[in-house]
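Q: First the structure, which I've put down as structure tokens, then a few questions once you've had a look.
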Amino acid sequence: MAPSTPGSPSPSRRRLGPGCSFVVAVGMIGLMLVLRSVGLESFDVPSGSMEPTLRIGDSILVSKSHYGLRLPFTRWNLTGPAVPARGDVIVFIEPGTQQGAPTDTIDLLPVFPTDDTIKRVVGLPGETVAVKDGVVWIDGRPSARSALGPYRYVDAECTPHPNTRQRETIGGHRHVVLEAQSRRQRRRDHGPTTVPPGHVFVLGDQRDRSRDSRSFGPVPVSAIKGKAVAVWLSVDGCDSDAPLRTQRIGRPIE
């Protein structure tokens, strides 16, 4: 090719036509939706039921393929649903909220929204679970607990509540839970309940302010959306001076 001379028009770059640009844009959107359906999805934490593990204002990443690969935009599991491990923090559709709805088979937000909940797995299929004076019992054996000191929980209305942190160990998994300091604010004992096949028993880490399997029963494995893996953003709505909780960004969920 002969070099261009001064004053001659420079070669023009080929550009995509309007039709091609539209196809590329639709393809990118479709790819993002597929990745969201079978890969990672973001969920916001609206309540304090999982304090201190998760705080109000946390935005978390959930691995939707952790318990089995699903056909995109559906709840059809291609590999067979795996039962979560004890101690896993999971996002699931609350039992009793989707029977007969399109969300029984379709997983396409926000077109088909679901009542999603996040809790910790404590009981596995076939086990008998009870909660006595705040202590979790599995098959007649109490979990180990040790006090870690006071904790100031602030609710969505920015009202503080005194609590006590407890280090809890269930089946080798260790995590921190909250217990109300006032005995009048503590929940009544529960169970024993035998977990049916294909289900798990879940509890919130803030045991006295959590709607969980003590209220709606064991959770079907088929209703689990995925495992919570990390916090990617955290905003404190009660702190106008420094609302961004930078120390929580990137924190793994254990």
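Q: So which residues in the stretch 72-99 are open to solvent by 40 Å² or more (accessible area, probe 1.4 Å), at pLDDT below 75 and over 14 Å from residue 223 (Cβ atoms), if there are any at all?
A: Result: 72, 73.
Q: Looking at (1) over 27 Å from residue 235 (Cα atoms); (2) at pLDDT below 95, which is the only condition residue 149 fails?
A: (1)
Q: I'm trying to understand the selection: among the residues of the stretch 155-187, which are under 18 Å from residue 55 (Cβ atoms) and out of contact with any Lys or Arg (no Cβ under 9 Å at 6 or more places or on another chain)?
A: Scanning the stretch 155-187 gives 156, 157, 158, 159, 164, 165.
Q: Give the stretch 120-144 a look and list any residue that's buried (at least 20 other Cβ atoms within 10 Å of the Cβ) and charged (D, E, K, R), or say none.
A: 120
Q: Since residue 195 meets every condition but one in (1) free of Cβ contacts under 8 Å to residues at least 24 places away in the same chain; (2) in contact with a Ser or Thr (Cβ under 8 Å, 6 or more places away or on another chain), which condition does it not meet?
A: Only one criterion in (1) free of Cβ contacts under 8 Å to residues at least 24 places away in the same chain; (2) in contact with a Ser or Thr (Cβ under 8 Å, 6 or more places away or on another chain) is unmet by residue 195, namely (1).
Q: Just give me the residues in the stretch 50-71 being open to solvent by less than 20 Å² (accessible area, probe 1.4 Å) and either over 19 Å from residue 233 (Cβ atoms) or of a type in the set (Val, Ile, Thr) (or both), in sequence order.
A: 60, 62, 68
Q: Are any residues in the stretch 212-254 assigned to a helix (DSSP H, G or I) and either touching a residue at least 60 places away in the same chain (Cβ under 8 Å) or not small (Gly, Ala, Ser) (or both), and if so, which ones? So that I can check it myself, show each step before the final result.
A: First, pick out the residues of the stretch 212-254 that are assigned to a helix (DSSP H, G or I): 213-216, 221-223, 246-248.
Hits for the stretch 212-254 are 213, 214, 216, 221, 222, 223, 246, 247, 248.
Q: What residue, among those in the stretch 210-234 that are more than 26 Å from residue 68 (Cβ to Cβ) and within 17 Å of the chain's Cα centre (by Cα), is most open to solvent (accessible area, probe 1.4 Å)?
A: So in the stretch 210-234, the residues more than 26 Å from residue 68 (Cβ to Cβ) come out as 210-211, 214-215, 233-234.
Now narrow it down to the ones that are within 17 Å of the chain's Cα centre (by Cα): 210-211, 233-234.
Values: 210: 9, 211: 130, 233: 52, 234: 0 Å².
So, considering only residues that are more than 26 Å from residue 68 (Cβ to Cβ) and within 17 Å of the chain's Cα centre (by Cα), the one most open to solvent (accessible area, probe 1.4 Å) is 211.
Q: Residue under question is residue 165, and the condition is that it be touching a helix residue (DSSP H, G or I) at 6+ places or on another chain (Cβ under 8 Å) and either of a type in the set (S, T, N, Q) or under 20 Å from residue 212 (Cα atoms) (or both); does it hold?
A: No; evaluated as a whole, the condition is false for this residue.
Q: Of all residues in the stretch 176-209, which are buried (at least 19 other Cβ atoms within 10 Å of the Cβ) and assigned to a strand (DSSP E or B)?
A: Residues satisfying the conditions are 177, 178, 179, 180, 199, 200, 201, 202, 203, 206.
The values are calculated or read from the model by the stated rules, or taken from the named source; none is laboratory data. Owing to the predicted nature of the structure, the values given are computational and were not obtained by experimental measurement. A quick note on method: Cβ atoms are made from the backbone with ideal geometry, for glycine too, and the neighbour counts reach across all protein chains shown. Surface accessibility is based on the protein's heavy atoms, side chains included, excluding ligands, DNA and RNA. Shrake-Rupley method; radii C 1.70, N 1.55, O 1.52, S 1.80 Å.
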